[in-house]
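Worksheet: one structure, shown below.
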Amino acid sequence: MPTVLVPLLIALDQILKLWALENLSPVPRPLLGDLLYLTLVQNTGAGFGLFQGKAFLLGWLSLLVGTAFLYLLARRRYSLWEALALSLLAAGALGNGIDRLGRGWVVDYLDLGTSVPFIANFPVFNLADVYVTLGAALLLLGPLLARKKRRY
């Protein structure tokens, strides 16, 4: 599964980024009412405004991390949850690494434009960022879910 899934996830990420470059602008456009907007942002750093202008260094780091996850996937068999988590992490890291090294910045376009205090100033992000977040959540929650499943 991972050998097919990772390239498909990367392709979807890159296709959406190309679409965003062709169709979006820095002016927010509502997608889901006041909850989610489409806003084109050129991110030269990492999330939350960290390491601005360090795209080249972050690009190589992203590729190294993504490759490490691919290496882990190839080393042994994992449960479905573990394989999915590692695949998402690899695809997310590689997708943003491709942007950083190819463009010098990451294409971000998903904007939580809500006034809810915790997420009101959340940075604009992309599908690769969603992959990383979901992959990390699966790695953290997977053992808990596996333990609960065994009890029943």
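Values in this text are rule-based calculations from the coordinates and carry no lab data. Source: prediction; values computed, not measured. Backbone-built Cβ (ideal geometry, glycine too); neighbour counts: all protein chains shown.
For the reader, a short list of remarks on this structure follows.
- Which of Ser62, Ser25 has the fewest Cβ neighbours within 10 Å, and the rest in rising order: Ser25, Ser62
- Cα centre as origin, Lys/Arg/Asp/Glu Cβ charges: segment 2-105 dipole, Debye: 300 debye
- Cα gyration tensor shape of segment 58-152, rounded if a/c is under 1.5, else prolate or oblate by comparing a/b with b/c: oblate
- Inter-centroid distance (Cα atoms) of segment 86-131 relative to segment 31-60, Å: 6 Å
- Rounded to the nearest 10 degrees, the inclination of helix 127-151 to the longest alpha-carbon principal axis of the chain is 30 degrees.
- Against the chain, whose longest principal axis is taken from its Cα atoms, helix 80-103 shows a tilt of about 30°.
- Once the Cα atoms are used to define both axes, helix 55-75 deviates from the longest principal axis of the chain by about 20 degrees.
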